[in-house]
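This report refers to the structure that appears directly beneath it.
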Amino acid sequence: MVTYCDQPHLRKHWNRNPTCAYYIDMNNQKLQSDLITALVSRGKLYEVGGSVRDSLISSETENKDSDYLITGIPIEALMGILRRYGKVDLVGKSFGVIKFTPRGGGEVVDIAIPRTERSTGAAHRDFEVTYDHTLPVDVDLKRRDFTINAIARAIPSGEIIDPYGGQADLKNKIIRIVFPEAIIEDPLRILRGAQFAARFEFAIEPETLAAMKAGAHLIDTISPERIADEL
């Protein structure tokens, strides 16, 4: 398990990034500090997704679109805790995803429990999804698209969980799929990979590029709405 502060190329940020003290400034999180305390007393809480990636690229990046993962708490118990602090909307019941709005206003955030996915067909919705609060965070990260997006930050410790080499790929400016079937399972990742390469000026590593080319014919199966949302 590698922490943010173990990375020499990021040492210039040590004085500015609170994770280097293994501590997250909870005032910078989209969740109330008392809610974070309640959650970590029962389970393990992680920030996941693009906000973690972007903060590792630059400590100056504003924390946007934060997504959270909680392990160790069954979904019904999790909803009970969240209801004490705001509004709960189980919009993704089959995926174990909760939309949470803090009481008194605030940004809506996604809070999920770990899940695994198995493709059962060509369409985007052709997946067998199993969510399980007992799964460790690295199992959930394995289903994600690119290694740079398969990184989690523990809250409140700030420890970085990076089982698939995402930090190394950030350092080397590489776009790499997490698993070989990532493109076939969701061809929208072809457009996403190209968008990341252009946005961050990263190179697409050869095996990932080959998978994107091999799956290019599947782009026609993607709905216009999903393409518009991606771009």
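The values are calculated or read from the model by the stated rules, or taken from the named source; none is laboratory data. Please read all numbers here as calculations on a predicted model, not as lab measurements. Note: ideal-geometry Cβ built from the backbone for every residue, glycine included; neighbour counts use all protein chains shown.
Any residue in the stretch 165-183 that is in the same structural domain as Ala112 (by TED's automatic domain parsing), farther than 24 Å from Val40 by Cα, small (Gly, Ala, Ser) and not in a helix (DSSP H, G or I)?
yes
Restricting the stretch 61-88 to residues that are part of a loop (DSSP other than H, G, I, E, B) and touching a strand residue (DSSP E or B) at 6+ places or on another chain (Cβ under 6 Å), which is modelled with the lowest pLDDT? So that I can check it myself, show each step before the final result.
In the first step, residues of the stretch 61-88 are kept if they are part of a loop (DSSP other than H, G, I, E, B); the result is 61-66, 72-74, 84-85.
In the following step, the residues that additionally are touching a strand residue (DSSP E or B) at 6+ places or on another chain (Cβ under 6 Å) were identified as 66, 72.
Working: Ser66: 80, Gly72: 96.
So, considering only residues that are part of a loop (DSSP other than H, G, I, E, B) and touching a strand residue (DSSP E or B) at 6+ places or on another chain (Cβ under 6 Å), the one modelled with the lowest pLDDT is Ser66.
Okay, residues lined up against (1) under 20 Å from the mean Cα position of the chain (by Cα); (2) surrounded by fewer than 17 Cβ atoms within 10 Å (Cβ to Cβ); (3) at pLDDT 90 or above:
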{"residue": "Gln29", "(1), (2), (3)": "yes, no, no"}
{"residue": "Glu47", "(1), (2), (3)": "yes, no, yes"}
{"residue": "Arg53", "(1), (2), (3)": "yes, no, yes"}
{"residue": "Ile98", "(1), (2), (3)": "yes, no, yes"}
{"residue": "Glu107", "(1), (2), (3)": "yes, yes, no"}
{"residue": "Asp110", "(1), (2), (3)": "yes, no, yes"}
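Would you confirm whether any residue within the stretch 137-154 is out of contact with any Asp or Glu (no Cβ under 9 Å at 6 or more places or on another chain), at pLDDT 95 or above and not in a helix (DSSP H, G or I)?
Looking through the stretch 137-154, none of the residues is out of contact with any Asp or Glu (no Cβ under 9 Å at 6 or more places or on another chain), at pLDDT 95 or above and not in a helix (DSSP H, G or I).
Give all pairs with beta carbons closer than 8 Å in which a residue from the stretch 171-184 that is in contact (Cβ under 8 Å) with a residue 60 or more places away in the chain meets a residue that is in a loop (DSSP other than H, G, I, E, B) and surrounded by 21 or more Cβ atoms within 10 Å (Cβ to Cβ); count only pairs at least 6 apart in sequence or on separate chains.
Between residues of the stretch 171-184 that are in contact (Cβ under 8 Å) with a residue 60 or more places away in the chain and residues that are in a loop (DSSP other than H, G, I, E, B) and surrounded by 21 or more Cβ atoms within 10 Å (Cβ to Cβ), there is no close pair.
Which condition number does Thr134 fail, the rest of (1) assigned by TED's automatic domain parsing to the domain that holds Ser33; (2) outside any strand (DSSP E or B); (3) surrounded by 15 or more Cβ atoms within 10 Å (Cβ to Cβ) being met?
All conditions pass for Thr134, except number (3).
Taking into account only those residues within the stretch 190-231 that are aromatic (Phe, Trp, Tyr) and assigned to a helix (DSSP H, G or I), which is surrounded by the most Cβ atoms within 10 Å (Cβ to Cβ)?
At the first step, the residues of the stretch 190-231 found to be aromatic (Phe, Trp, Tyr) are 196, 200, 202.
From the residues that got through so far, the ones that are assigned to a helix (DSSP H, G or I) too are 196, 200.
Values: Phe196: 20, Phe200: 15.
Going through the qualifying residues, I end up with Phe196.
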